[in-house]
C-alpha cells in the first residue's frame, strides 16, 4: 500500500514577472517500508520536494496524501499533528537544540505528541542505547562529535515511531566513516519496516536505496527501482491521538513552563537586562505607595496627637486674624455648659501665656498652658515620669506643673531626679509633679519650652484673666463630627449673640490630608507606572529579538510536531516569567530600600501595603502577557520551512 501519494504537485514562488516555478506537475507514489533516494543537482527542486513531503511546506497546487489522509485544506496545526504521527526528520546539520542534552532532544517529538514524561524518558534512553549512545544521554550537542549528533537526530526521528523517515543529506556534514555508520543505521531501520526517503546529490549515497528518483529543473526525469520492497504493508493502523485532552494540555503547559525556565537560564544576561526595566518599574511603584502611605500615617498620627474626635474652639474669625487677641469671649462657663450637651463626651478649657521661667541662675522664656485634667487623655499625651494633675488639682487650683523634655533639658541639664522641685514662672512658684514624653514636632518648633498647669491655677495665680484661650471639645464616638461641629457653633452663637469664634475640626483636617495625600500618591504612582510601561516595551523588544535569534529553534520544534499554540504558549510563558521574576526582585529591592530608609530617616518609615505588592506582581504578570503576546504570536506564525532555512 502506498504511504505517500502525490498528484500534479506544483510549487511556485513569487508572483507576476518574478514567478519561479520550482516543482512542475510531480506525480509520485511511495510504498510503505520502501527505501527511496531522491537525487538531483543544486536548484533542481529536490529540497523543495522534501519539504512538501515532510509537511514543512505546502504545494501551490496538486493533491498530497499520507497514509490515505488528504492534506488538502489542512491547517498548520493539523499538519503539525500529521508530522508528529508519521514523520521523523534527519537533517544535514543535525538541527539539535543546543540548550537541551541528547535525551531531551530525543524526547522533544514525544512532548508534542502527548506521551507521558516517564514513558518518553524511558523510550528516549532505549533508542539512544540502541544507537550506542547510552553513555551520552546527558551530553549537550557541543559535547558530541558530528556522527554522535547525527545519531541523536536519528533517535529523535524514531521517537514517535518514525513511520516515514526523511533524511536530507544525512552524511553531508560527516566524515566518510561516520557517513558509512549513518547509512548502515538507515539500512537497518529500513529492514525494520521504516519508510526511508533520502535526499542527496551523491550517487554513492543514493545507491543504498531500493529506488532512485532523479529530479531536474523541477520535474522527475527518471525513476529506477534497484531492488524490491520487502517491507510493504497493506494497511496502516490508526494512530493514537491523545491531543486536546485535559491531561495532554496540562502536560503541555508544564513542559512549556520548564522549557521557558531553561531558555531564561541559558540566556542569563539577556533575561537579566530584560527584567531590569520591570524591576525598576515595580520598585518605583511600590516605593511611591509605601512612601505615600508612610507619610500619610505620620501626618495622621500628628493629627491624632492634637486629639481624636475633637473640636477646638478659638476666639476670632480664623487663623491669621490679626485681631484675634482682642476677642475675650470664651469663658470657663462656656466649657462647662458645652460639657452638658448630649453629643459631648468632655470639654477642656485652655489658657495660654508666655513668660520668664527661672531656676537658680537659669532664666529662659517658656509657654505655660492652663488646661483641665482631661486634656492629657484627649490629646493622647503620656507621662514619662511622675503623674499628670487630676480633678482635685484643678478644683483647688493647685500650683503644680507638668513639664516637657525641652524644659527639663534647659533647667535641669545635669539632674535626673527633678520631681517635687520648684520652678518660677512669672515670679510664681510651681511644683513639678510630672514629665511628659517627647511630643511630635510636626506642627511646631522643636525647641519650644512647654508646660501644663491646672487652668484654675493659671487664671487665679498668674494671668488674673477670666477669659480662656480655647476650648477642646471631645465628641462621643457614635456622633458625627460634622453634626457635632454644627451644634457647637449653633450653641455658642446663641449664647454669645454672635459668632465671635471659630472651630477646628480634627476630623476635617484628617479627611483633607487623606484626600490630598491620596491624590498626590495617585499622581506619583501614575508617573512611576510609566516606567513599568517602558519596562514592558523593553520586554516586547527583547522578545522580538529573541524570536529572531531563535527562528531555527522554532522551526525545529515545529518540524518535530509542535503546534502553533505550543510555540505561542512557550514564548508567552517565557515573557510572563521574566516579568514575574522581575516583579518579585523589584519587591525585594523595595524592602531593601525600606531598610536603608529606616536607617537614615527617622521622621517616618515606609509603610508597605500588601495590596500594593499584590497589585505590583499582578501588574508585572499582565505586562508579560500584553507585551509578550505579539512576539509570541509572531513566533507561532512562522512557516516551519522558512524558520529552518533561516
Could you give the length gained on full extension between residue 20 and residue 625, defined as 0.36 nm per residue of separation minus the Cα-Cα distance, in nm? 213.7 nm
Inverting the mean 1/r over all pairs of different Cα atoms, compute the Kirkwood radius of the range 545-615 and quote it in Å. 15.5 Å
If you average the alpha carbon positions of the range 369-388 and of the range 50-83, how far apart do those two centres end up, in angstrom? 90 Å
Ratio Rg/Rh, restricted to the range 328-499 and using Cα atoms, in which Rh is the Kirkwood radius: 1.00
Grab the Cα-Cα distance for residue 78 and residue 246, subtract it from 0.36 nm times how many residues apart they are, and report the gain in nm with one decimal. 58.6 nm
Using Cβ counts within 10 Å as a stand-in for footprinting exposure, how do 416, 195 rank, fewest first? 416, 195
Considering the values [x] 131, 52, 44; [y] 82, 66, 46; [z] 66, 58, 50, which represents Cα extents along the principal axes in Å as calculated for the structure under consideration? [x]
If we count other beta carbons within 10 Å of each Cβ, what is the order of 526, 579, fewest first? 526, 579
When the expected Rg is taken as 2.2 N^0.38 Å, what fraction or multiple of it is the alpha-carbon Rg of the range 137-237? 1.17
Degrees between helix 117-130 axis and first principal axis of the chain (Cα, 0 to 90, nearest 10): 40 degrees
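I need the shape label for the range 12-85. Rule: rounded when a/c is under 1.5, else prolate if a/b > b/c, else oblate, with a, b, c from the alpha carbon gyration tensor.
Judged from the Cα gyration tensor, the range 12-85 comes out oblate (a/c at least 1.5, b/c at or above a/b).
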Efficiency of FRET from Cβ geometry, residue 615 and residue 340, R₀ 60 Å, rounded to 0.05: 0.75
Centre separation in Å (Cα based) which lies between the range 165-235 and the range 1-42: 16 Å
Looking only at the range 2-239, where both bridge partners belong to it, what percent of the DSSP beta bridges are antiparallel (to the nearest 5)? 55 percent
DSSP-defined beta bridges in the chain - what % are antiparallel, rounded to 5: 70 percent
Using Cβ counts within 10 Å as a stand-in for footprinting exposure, how do 351, 534 rank, fewest first? 534, 351
If you line up the long axis of helix 481-496 against the longest principal axis of the chain, both from Cα atoms, how many degrees apart are they, to the nearest 10? 20 degrees
So if I take the centroid of the Cα atoms in the range 577-646 and the same for the range 120-139, what is the distance between those two points in Å? 39 Å
Descending packing, highest mean Cβ count within 10 Å first, for 481-488, 277-284, 356-363 is 277-284, 481-488, 356-363
Distance histogram for the range 2-239 (every C-alpha pair counted, 10 angstrom bins, percent rounded to whole numbers): 8, 32, 37, 20, 4, 0
With Cα coordinates, the longest principal axis of the chain makes an angle with the long axis of helix 268-306, in degrees rounded to 10, of 20 degrees
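Among 376-383, 567-574, 634-641, what's the highest-first ranking by average C-beta atoms within 10 angstrom per residue? Mind showing how you got there, number by number?
Values: 376-383: 16.4, 567-574: 24.4, 634-641: 19.8.
Taking the mean over residues of other Cβ atoms within 10 Å, the ranking is 567-574, 634-641, 376-383.
Given a Förster radius of 22 Å and the C-beta distance between residue 533 and residue 589 as r, what FRET efficiency does 1/(1 + (r/R0)^6) yield to the nearest 0.05? Intermediate results must be reported in sequence, preceding the final value.
Details: r = 19 Å, r/R0 = 0.85.
After rounding, the FRET efficiency stands at 0.70.
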Packing-wise, with mean Cβ within 10 Å as the measure, how do 2-9, 364-371 rank, highest first? 364-371, 2-9
Can you say what percent of the DSSP beta bridges in the range 328-499, counting only those with both residues inside, are antiparallel? Round to 5. 75 percent
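Every number in this text was worked out from the coordinates using simple rules, so none of it is lab data. Predicted, not measured: the structure shown is a model, and the values here were computed from it. In this analysis, Cβ positions are derived from the backbone assuming ideal geometry, glycine residues included, and neighbour counts consider all displayed protein chains.
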